[in-house]
């Protein structure tokens, strides 16, 4: 999972202006601690994310971790926000790629643009795109199942985390709706797509099966194919 790996973001601000050396080091140190917390969350669930655990994982002290994340909830919030940041980037790239494949209008802009017809996409690539939008770029079993269980754990930790995960889920659902519209599956309910993806990953994890992401893609492919025939 490409989470917390953007080194350029560590060295510069949002405007591209270099940070002072001390500030850059502080940002990079926080990113290292957050990466350690994420590894623990994906591997062990929210129970593994503690100041002491992050300190051991990052070869630092609990005090250093508390300097950047005052409470355990702060650690979990940062993890969930980083997972969502990476997912949102991947979702935007998937949707941009689909938009780029559509024909561009040339010449003077019409006063009333004609609505664009969605470009049909075969069920399998559409299902794979849906999984990337919903879970992010890394479809490795450990990453996908770790993300699912980590988010579920965090949602049960506190009302604040539950609200945060719900907000992120709604954002992902909106992006899935855009995908379905752009690829000719607007008649398929987003809730049905998410139920297939989450349900398959949950089942493969509980039954300790492998290739959970591929199983989810295969099941969603079957659904989209059947819905296309109706």
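The values are calculated or read from the model by the stated rules, or taken from the named source; none is laboratory data. All of these numbers come straight from a predicted model, not from anything done at the bench. All Cβ positions, glycine included, derive from the backbone under ideal geometry; neighbour counts span all protein chains shown.
The set of residues in the range 19-58 that are in a loop (DSSP other than H, G, I, E, B) and either touching a strand residue (DSSP E or B) at 6+ places or on another chain (Cβ under 7 Å) or modelled with pLDDT of 95 or more (or both) comprises 19, 49, 50.
Taken over the range 200-219, residues that are at pLDDT below 95 and farther than 20 Å from residue 137 by Cβ amount to 6.
For beta carbons closer than 7 Å, sequence separation of 6+ or different chains, a first residue in the range 165-178 that is within 16 Å of residue 130 (Cβ to Cβ) and a second that is loosely packed, with under 14 Cβ neighbours inside 10 Å, there are no qualifying pairs. Would it be correct to say that residue 221 is assigned to a helix (DSSP H, G or I) and more than 18 Å from residue 147 (Cβ to Cβ)? Here the answer is yes, as residue 221 does meet what is asked. Does residue 70 satisfy the criteria of being outside any helix (DSSP H, G or I), out of contact with any strand residue (DSSP E or B) (no Cβ under 7 Å at 6 or more places or on another chain), exposed (fewer than 12 other Cβ atoms within 10 Å of the Cβ) and at pLDDT 95 or above? It is true that residue 70 is outside any helix (DSSP H, G or I), out of contact with any strand residue (DSSP E or B) (no Cβ under 7 Å at 6 or more places or on another chain), exposed (fewer than 12 other Cβ atoms within 10 Å of the Cβ) and at pLDDT 95 or above.
All told, residue 189 falls short of being modelled with pLDDT under 95 and farther than 20 Å from residue 88 by Cα.
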